[in-house]
1. Which residue is most open to solvent (accessible area, probe 1.4 Å), if the candidates are limited to segment 26-53 and must be without any contact (Cβ under 8 Å) to a residue 12 or more places away in the chain and assigned to a helix (DSSP H, G or I)?
2. Which residues, taken from segment 84-126, are acidic (Asp, Glu), in a loop (DSSP other than H, G, I, E, B) and modelled with pLDDT of 95 or more?
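The values are calculated or read from the model by the stated rules, or taken from the named source; none is laboratory data. Please read these numbers as outputs of a predicted model, since none were measured by experiment. A quick note on method: Cβ atoms are made from the backbone with ideal geometry, for glycine too, and the neighbour counts reach across all protein chains shown. Accessible surface areas use protein heavy atoms only, side chains included; no ligands, DNA or RNA. Shrake-Rupley method; radii C 1.70, N 1.55, O 1.52, S 1.80 Å.
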Amino acid sequence: MKNFGVVIILFMLSGCFSKTGNYASSLQNWVGQPEYVLYQSWGQPENTFYFSADAKEVTYINSSSKAIDGDKEPYSGYEVYYPAISTPDFGFPDTTENYYYCKTSFTIQNEIITDYSFNGDDCVSP
């Protein structure tokens, strides 16, 4: 009976990993692309951090009171609280609502995307 519980837990976790894995795969497709193509698709980044004259990291932040496509299953019961993005000072409503968040960053060297990273509870491919 113990094995059955382990199988159920692994099955539930695989749903989370596959959704974030799909997101990682979609970001991997950007590696090797020119930065202007990223800007055409994603728009202007929320933040740009320069490492040197020819290397930088650009960051995009998405937050919403609804999960992507309304799919809350990957994070049911595991919503992450981000006080920095839910304070009234930033124009968000009070913290009685759940917020879903994804921060995606791309490393760009010589105008070419070389790497990516992401974190948050809503980094899934729609």
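1. Top of the filtered list is GLN40.
2. Within segment 84-126, just GLU111 meets the criteria.
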